[in-house]
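K.L.:
Here it is, the structure in full.
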Amino acid sequence: MEYTYQYSWIIPFIPLPVPMLIGVGLLLFPTATKNLRRVWAFPSILLLSIVMILSVYLSIQQINRSSLYQYVWSWTINNDFSLEFGYLIDPLTSIMLILITTVGILVLFYSDNYMSHDQGYLRFFAYLSFFNTSMLGLVTSSNLIQIYIFWELVGMCSYLLIGFWFTRPIAATACQKAFVTNRVGDFGLLLGILGLYWITGSFEFRDLFEIFNNLIYNNEVNFLFLTLCSFLLFTGAVAKSAQFPLHVWLPDAMEGPTPISALIHAATMVAAGIFLVARLLPLFIIIPYIMNFISLIGIITVLLGATLALAQKDIKRSLAYSTMSQLGYMMLALGMGSYRAALFHLITHAYSKALLFLGSGSIIHSMESIVGYSPDKSQNMVLMGGLKKHVPITKTAFLVGTLSLCGIPPLACFWSKDEILNDSWLYSPIFAIIACSTAGLTAFYMFRVYLLTFEGHLNVQFQNYSGQKSSSFYSISLWGKEIPKKIKKNFRLLTLLAMDNNERASFFWNKTYQIDGNVKRILSPFLTIIHFRTKNTFSYPHESDNTMIFPIFLLVLFTLFVGAIGIPFNQDESNLDILSKLLNPSINILHQNSNNSVNWEEFVTNASFSLSIAFVGIFLATFLYKPIYSSLQNLNLLNSVVKRTPNRVLRDKIINGIYDWSYNRGYIDALYTKSLIEGIRGLAELTHFFDRRVIDGITNGFGLASFFLGEGIKYVGGGRISSYLLLYLVFVLIFLLIYFNFHFLNFTK
Amino acid sequence: MNDFPWLTIIVVLPILTGSFIFFLPHRGNKVIRWYTICICILELLLTTYTFCSHFQLDDPLTQLAEDYKWINFFDFYWRLGIDGLSIGPILLTGFITTLATLAARPITRDSRLFHFLMLAMYSGQIGSFSSRDLLLFFIMWELELIPVYLLLSMWGGKKRLYSATKFILYTAGGSIFLLIGVLGIGLYGSNEPTLNFETLANQSYPAAMEIIFYIGFLIAFAVKSPIIPLHTWLPDTHGEAHYSTCMLLAGILLKMGAYGLVRINMELLPHAHSLFSPWLITIGAIQIIYAASTSPGQRNLKKRIAYSSISHMGFIIIGIGSITDTGLNGAVLQIISHGFIGAALFFLAGTSYDRIRLLYLDEMGGMAIPLPKIFTMFSILSMASLALPGMSGFVAELLVFFGIITSQKYLLIPKILVTFLMAIGMILTPIYLLSMIRQMFYGYKLFNVPNSYFFDSGPRELFVSISILLPIIGIGIYPDFVLSLSVDKVEAIISNYFYR
């Protein structure tokens, strides 16, 4: 037991060998490493499973004993400054460990199939394992510096994975945007850490809290400075968890492969901000302003995310905005001081959202074989519809995820969301009203996604009318030689792509590495297309492979049952639910519901209220999006079902307004582009100009002046006797003139 | 055993053996290349051996000291010796120069002269890092200017003459002030000139004189470092020079300025330094922001990297100005770390230029597919340059941050302001570095070059970049590798500020 704790520092390092080996292999022996392709997937899953077993064991210990364990080593030698590394195992850590490892394993499993077409398969696994390492390091770290280190590392992994398909210009800009936005957060985090160090002289969490309590108690600290520091610390969490002012990177981050969106941008990395705030809650709780600020940011994000998700065309973007909104719920809960509810929602949301993302990945996978590899098409909900018939298993799983996120019992998110909503009534009625109505919005947009995707008929034939570039679009093959070709018939696209792939495998890369398995997979869509072309009918999307269905199935199970850890089964006060048992020693809930035995009547009334709101949302969505016939009108929230009424114009205006707001991402991105990016460009131009013209100008001017001076002197000293004589005579003349002037003046006196 | 003149051998060996290059038989460039590389490796091994066996880490005093009278007339001594401050830069010099000679293998034009100049620079740099005599320091300082000028003006790009002239004028102009300072200090106060560092360190001057000396040295080192507004030679020089020269310039030459600041300004003139340090910190903070915001405006790839080095030099200046143990350690670490990172970035920029023959960023694009290895190394090193944790740059910058935070010399508000500015630099750095990578590698582009068929980096280039990368990661994970060298000396220097 003690033994396990002692060696649990190894947890983050267990998955590390995989990325190191793959990296070295890819650099030094590319051909051999790429031949081993699938072999590399197994050790990464295996190692992560070991971590999972270890962390399950640790958390069982935590439930039984609820003890903290901390251990540190010194990192640098210096007399008056020492950095220490260590690890801290407490309930929060063990919860996060289990979350990361379970979702991580499922995603690794899933992406084995999802990425099998891809040339970057190995690179993908290396990045993913490295991400796991740094995320595990983040949650086990015991001091702020260590948190900062791993915080940056997960940011870098996210950068690499968003830009995974780096030939796409959109992905290239998206990954840069994500990194820079996160750097803004890191800027705050670092300054906050430095400020705290300046106040307390320590980085360790527990020392920090202790010293703080003493300082506050003795009133020895500048309160304004302290508030500033904690505000800066919170900025880090805002950026990482995509909260209101710094949320812009998250929707763009969906350019990455879908497994990444599930793991990093829904379940784990974006939860790191919540984790940090939860970790530092004992510090924030002392400062009421910060708590209010946190809940304010939370509620703004909840509302903003939900409204922005209303009219997205891209299935992943709409899920991303939903993630943002749910993260806002967690932040709100933390700001209210209900630590337990926030963590509960973190867990349930992670599983539900991972399920939704993996489901959407499966949809995208099956759409890709019809509409091509462009994310504009394969993720476009306009082109989907009627998938119910073709991908039944995915449909069921997606429905479970949707219902869970809408808060329908007995699925996971119901319990946690209900808890947050309950707590918000105790905190402030205004926040509660906003939060509850957003729960309705959540139900609305989630069902919109579901209905647009699975109900109705397949809308692939509309892809010609979908975008601006409808008549001539270019096929983008990801890794191969770019052959921009005008597609006359859309369905030739894939044949081209497949051919392109083969071609590329054969001669574009000078070293041919025949990837076993890959070639087969490339060929399979090829064959279907031929089949289609001969028959000249639609080819329909297919259900994904079992390797992809299996993780989805497991996540369905998680979504169904994970809520159980937070439900009190017994009315006895002694018999608490698992989550409370785990968290009880370390929490300090501000709330009045100190008696943990839940009043069932109150619970039922609250639950029925939130349920009714959710059902209103679902009903509205069904009303608007239930396809009478499929048309593009669906998207515009305008529906032919809506009867012409006298105030139709006003109504249209409102609806169009909402639509525009959502479609343009609340104009926030545009504002940032206008102000910040243009500003920085302008600044760069200005300083460049200054550097070139003024500072360098002085130097060059100096050089030029001395050059002209030299030339002048050279010209004067030309060595011609006649010019010397002329000069001499001129001066003599002047002298004589002056002399005679004086002379005559004197003479006349 | 200790009487054996190890340091003299180390200093003299490269230039002496280098001059034999001219007597080698004409058998093509291959012989010369191998000869030079062998000498570089031999020298590196010799240095490492000497330091391993004859250098005690826990002794802050000068070791391996040598003292020979050279010119009787004005007491000029050949005084060499190393301490914790100079051992790091000397090892860095050996390492980077060896790799730069390896990187310079494609050079075929006048390769005799080129390799001789590389070796001459080697001597000059080690000489200036290890000299214990002011005048010797000055002589060594001037000695390495000439090779750089020739390397620039003969093997550079299109505007090489302009940049070479600019370089030599700037640095020679700085050297005047250095000479003034050296002579002023040497001749001050006594009948016969004292040029020994040890005796000078204990000497005190009237305030006005000390400030004048300080300004003289500061200008000389500010040109070299560079400190704004004396930096404009650097982008031009780096933009035009061949990449192996760039490696030397960015890796070692810039560090000489910072080294000089610590060695002379901090050690010999402590009163003036504590007077000037607020200005240094202000200038450093401005420099970080200024260079980082100039960098995105550069179209030329190498100039962009050059501005990034200027920006990173700001951290060294702040570390030196903070007058704390931690801050100065951070500055020393940043000297080493930027030596590696800057050299590696210039090397990679040069190798990718060799392939696409384009210098302007907006003409590039989509290089990731034909050149995956260069792409990988470039990304990793840019990450290192933007201070990603786990790499050396992060530790150095973090130490500087802590240095400024824990400094007792400054009030709260200036500290907050300076920290804030430095941290803004932290946001600006990824903007220019990542957009550089994006413009070079990401996206897709058809090259209209007739033979658009690139070789990815071969084993030689891969070896160079990996062997620079390894110490970067090593220091990042375990910074004591470097800190243990300098920590005692730094403590000794800083303690001067509290006991005098």
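K.L.:
Quick one: is A:Phe179 surrounded by 19 or more Cβ atoms within 10 Å (Cβ to Cβ) and closer than 28 Å to A:Ile286 by Cβ?
P.N.:
no
K.L.:
Report every pair of residues separated by at least 6 positions or lying on different chains whose Cβ atoms are under 8 Å apart, first residue within the range B:169-191 and over 16 Å from B:Tyr214 (Cβ atoms), second among the β-branched types (Val, Ile, Thr) and at pLDDT 90 or above.
P.N.:
The qualifying pairs are B:Tyr170/B:Val223; B:Thr171/B:Val223; B:Gly173/B:Val223.
K.L.:
Can you tell me which of B:Leu234, B:Leu249 is closer than 25 Å to B:Tyr122 by Cβ and more than 14 Å from chain A (Cβ to nearest Cβ)?
P.N.:
Answer to the selection: B:Leu249.
K.L.:
Does A:Thr31 satisfy the condition of being at pLDDT below 90, within 14 Å of chain B (Cβ to nearest Cβ) and more than 29 Å from the chain's Cα centre (by Cα)?
P.N.:
When the stated conditions are applied, A:Thr31 passes them.
K.L.:
Please go through (1) farther than 16 Å from B:Arg299 by Cβ; (2) touching a helix residue (DSSP H, G or I) at 6+ places or on another chain (Cβ under 6 Å) for B:Pro370 and return the number of the only condition it doesn't satisfy.
P.N.:
The one condition B:Pro370 does not meet is (2).
K.L.:
Still on this structure, I have one more. (1) touching a His at 6+ places or on another chain (Cβ under 8 Å); (2) modelled with pLDDT under 90: which one isn't true of B:Arg299, the others all being true?
P.N.:
(1)
K.L.:
Would the range A:679-698 turn up any residue that is touching a Phe, Trp or Tyr at 6+ places or on another chain (Cβ under 9 Å) and either among the polar types (S, T, N, Q) or assigned by the TED database to the domain that holds A:Gln243 (or both)?
P.N.:
Yes, the conditions are met somewhere in the range A:679-698.
K.L.:
Within the range A:88-100, can one find any residue that is touching a strand residue (DSSP E or B) at 6+ places or on another chain (Cβ under 6 Å), modelled with pLDDT under 90 and surrounded by 24 or more Cβ atoms within 10 Å (Cβ to Cβ)?
P.N.:
yes
K.L.:
Okay, moving on. So, in the range B:141-151, exactly how many residues are free of Cβ contacts under 8 Å to residues at least 40 places away in the same chain and crowded, with 17+ Cβ neighbours inside 10 Å?
P.N.:
The qualifying residues number 5.
K.L.:
Of the residues B:Ile317, B:Ile323, B:Ile380, B:Ile335, only one is in a helix (DSSP H, G or I) and either in contact with a Leu (Cβ under 6 Å, 6 or more places away or on another chain) or at positive phi (or both); which?
P.N.:
None of the other options fit; the residue is B:Ile317.
K.L.:
In this structure, does B:Ala387 turn out to be in a loop (DSSP other than H, G, I, E, B) and under 21 Å from the mean Cα position of the chain (by Cα)?
P.N.:
yes
K.L.:
Continuing with the same structure: Hey, B:Gly327 hits all of (1) over 24 Å from B:Phe340 (Cβ atoms); (2) within 14 Å of chain A (Cβ to nearest Cβ) but one; which does it fall short on?
P.N.:
(1)
K.L.:
Right, A:Pro19: surrounded by 13 or more Cβ atoms within 10 Å (Cβ to Cβ) and part of a helix (DSSP H, G or I) or not?
P.N.:
In short, yes.
K.L.:
Now, a different point. Within the range B:433-465, track down each residue that is over 16 Å from B:Leu359 (Cα atoms), at pLDDT 90 or above, crowded, with 19+ Cβ neighbours inside 10 Å and at the interface with chain A (Cβ under 10 Å from one of its Cβ atoms).
P.N.:
Matches in the range B:433-465: B:Leu434, B:Ser465.
A quick yes/no check of all residues on (1) among the hydrophobic types (A, V, I, L, M, F, W, C); (2) outside any helix (DSSP H, G or I):
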{"position": "A:Phe212", "(1), (2)": "yes, no"}
{"position": "A:Val221", "(1), (2)": "yes, yes"}
{"position": "A:Leu232", "(1), (2)": "yes, no"}
{"position": "A:Val238", "(1), (2)": "yes, no"}
{"position": "A:Pro251", "(1), (2)": "no, no"}
{"position": "A:Ala272", "(1), (2)": "yes, no"}
{"position": "A:Ile290", "(1), (2)": "yes, no"}
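K.L.:
Please go through the range A:158-170 and give me each residue that is surrounded by fewer than 24 Cβ atoms within 10 Å (Cβ to Cβ) and touching a residue at least 60 places away in the same chain (Cβ under 8 Å), ordered by number.
P.N.:
Residues satisfying the conditions are A:Phe164, A:Trp165, A:Thr167, A:Arg168, A:Ile170.
K.L.:
Hey, another quick one. What are the residue pairs meeting all of these: first residue in the range B:365-377, first residue free of Cβ contacts under 8 Å to residues at least 12 places away in the same chain, second residue surrounded by fewer than 20 Cβ atoms within 10 Å (Cβ to Cβ) and assigned to a helix (DSSP H, G or I), Cβ atoms under 7 Å, and 6 or more apart or on different chains?
P.N.:
B:Thr376/A:Leu27
K.L.:
Given the residues B:Ile219, B:Ile212, B:Ile281, B:Ile228, which is the only one that is of a type in the set (A, V, I, L, M, F, W, C), at pLDDT 90 or above and under 24 Å from B:Pro414 (Cβ atoms)?
P.N.:
B:Ile281
Here is a yes/no grid of residues against (1) crowded, with 19+ Cβ neighbours inside 10 Å; (2) assigned to a helix (DSSP H, G or I); (3) within 14 Å of chain A (Cβ to nearest Cβ):
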{"position": "B:Ser153", "(1), (2), (3)": "no, yes, no"}
{"position": "B:Leu161", "(1), (2), (3)": "no, yes, yes"}
{"position": "B:Phe167", "(1), (2), (3)": "yes, yes, yes"}
{"position": "B:Ala172", "(1), (2), (3)": "no, yes, yes"}
{"position": "B:Ile176", "(1), (2), (3)": "no, yes, no"}
{"position": "B:Leu179", "(1), (2), (3)": "no, yes, no"}
{"position": "B:Gly186", "(1), (2), (3)": "yes, yes, no"}
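To keep it simple, each residue is scored yes or no on (1) within 14 Å of chain B (Cβ to nearest Cβ); (2) outside any helix (DSSP H, G or I); (3) within 12 Å of A:Ile11 (Cα to Cα).
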{"residue": "A:Ile95", "(1), (2), (3)": "no, no, no"}
{"residue": "A:Asp118", "(1), (2), (3)": "yes, yes, no"}
{"residue": "A:Arg123", "(1), (2), (3)": "yes, no, no"}
{"residue": "A:Ile149", "(1), (2), (3)": "yes, no, no"}
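K.L.:
Checking the conditions here, which among A:Ile658, A:Ile695 is in a helix (DSSP H, G or I) and within 12 Å of chain B (Cβ to nearest Cβ)?
P.N.:
One residue alone meets the criteria, A:Ile695.
K.L.:
I'd like to verify a number: residues in the range B:475-500 that are without any contact (Cβ under 8 Å) to a residue 12 or more places away in the chain and within 22 Å of the chain's Cα centre (by Cα), how many?
P.N.:
Adding up the residues that qualify gives 3.
K.L.:
Let me ask another. Report whether or not A:Ser369 is at pLDDT below 90 and farther than 30 Å from A:Trp661 by Cβ.
P.N.:
Yes.
K.L.:
Quick one: would you say A:Gly120 is in the same structural domain as A:Met156 (by the TED database), surrounded by fewer than 24 Cβ atoms within 10 Å (Cβ to Cβ) and closer than 17 Å to A:Pro19 by Cα?
P.N.:
yes
K.L.:
Restricting to the range B:69-89, give me the number of residues that are closer than 16 Å to B:Leu7 by Cβ, touching a residue at least 12 places away in the same chain (Cβ under 8 Å) and part of a strand (DSSP E or B).
P.N.:
6
K.L.:
Counting only residues that are within 14 Å of another protein chain (Cβ to nearest Cβ), touching a residue at least 60 places away in the same chain (Cβ under 8 Å) and surrounded by fewer than 24 Cβ atoms within 10 Å (Cβ to Cβ), how many does the range B:261-289 have?
P.N.:
2
K.L.:
Being surrounded by fewer than 22 Cβ atoms within 10 Å (Cβ to Cβ) and in contact with a Ser or Thr (Cβ under 8 Å, 6 or more places away or on another chain) narrows it down to one of A:Leu108, A:Leu153, A:Leu128, so name that one.
P.N.:
Result: A:Leu153 is the single residue among A:Leu108, A:Leu153, A:Leu128 that is surrounded by fewer than 22 Cβ atoms within 10 Å (Cβ to Cβ) and in contact with a Ser or Thr (Cβ under 8 Å, 6 or more places away or on another chain).
K.L.:
Follow-up. Please find, among B:Thr17, B:Thr50, B:Thr62, B:Thr36, the residue that is of a type in the set (Ser, Thr, Tyr) and under 19 Å from B:Phe137 (Cα atoms).
P.N.:
Exactly one of B:Thr17, B:Thr50, B:Thr62, B:Thr36 is of a type in the set (Ser, Thr, Tyr) and under 19 Å from B:Phe137 (Cα atoms), namely B:Thr62.
K.L.:
Restricting to the range A:22-41, count the residues that are surrounded by fewer than 13 Cβ atoms within 10 Å (Cβ to Cβ) and in contact with a Leu (Cβ under 6 Å, 6 or more places away or on another chain).
P.N.:
0
The values are calculated or read from the model by the stated rules, or taken from the named source; none is laboratory data. No experiment lies behind these values; they were computed from the predicted model shown. Backbone-built Cβ (ideal geometry, glycine too); neighbour counts: all protein chains shown.
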